[in-house]
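Notes follow the structure.
Read-outs throughout are calculated quantities, based only on the coordinates presented, and are distinct from any laboratory measurement. Because the structure is predicted, anything quoted here is derived from the model rather than measured. Here the Cβ positions follow ideal geometry from the backbone for every residue, glycine too, while neighbour counts run over all protein chains shown.
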Amino acid sequence: MGSTTDDSSSALSPAARQRKPAGAGAAPVISCDGVTFTVTEGNEVAEVARGGAARVLHSESFLDAGTGTRRHFVDVQGEAEAMLFLVSVREDQRRIVAIRRVS
């Protein structure tokens, strides 16, 4: 199960929720399947810990030049299993526009 949103859709799926973090200018955070993501100032995907600290996740990525969206494949170790997500980031807006759990 995953979540997606793009320019043609204004809502995230029920599996994800978006919150505004504390601090002006900070990128919003999005949760999907128990994992909370955000985007760093360098447009890298990071996991947000319970205390609010962000940890940059290693990813393989490619740019969709037609939409200005960079798609990141990130591995996250959950409590019971490893999960692979496809996280789409609009680099010009420094925001996540879609998340889909691949495994």
## Note on the structure
Stretched fully, the stretch from VAL56 through ASP33 gains (0.36 nm per residue minus C-alpha distance, one decimal, in nm) 6.5 nm
### Query
If packing is taken as the mean number of other Cβ atoms within 10 Å per residue, what is the order of 92-98, 51-57, highest first?
92-98, 51-57
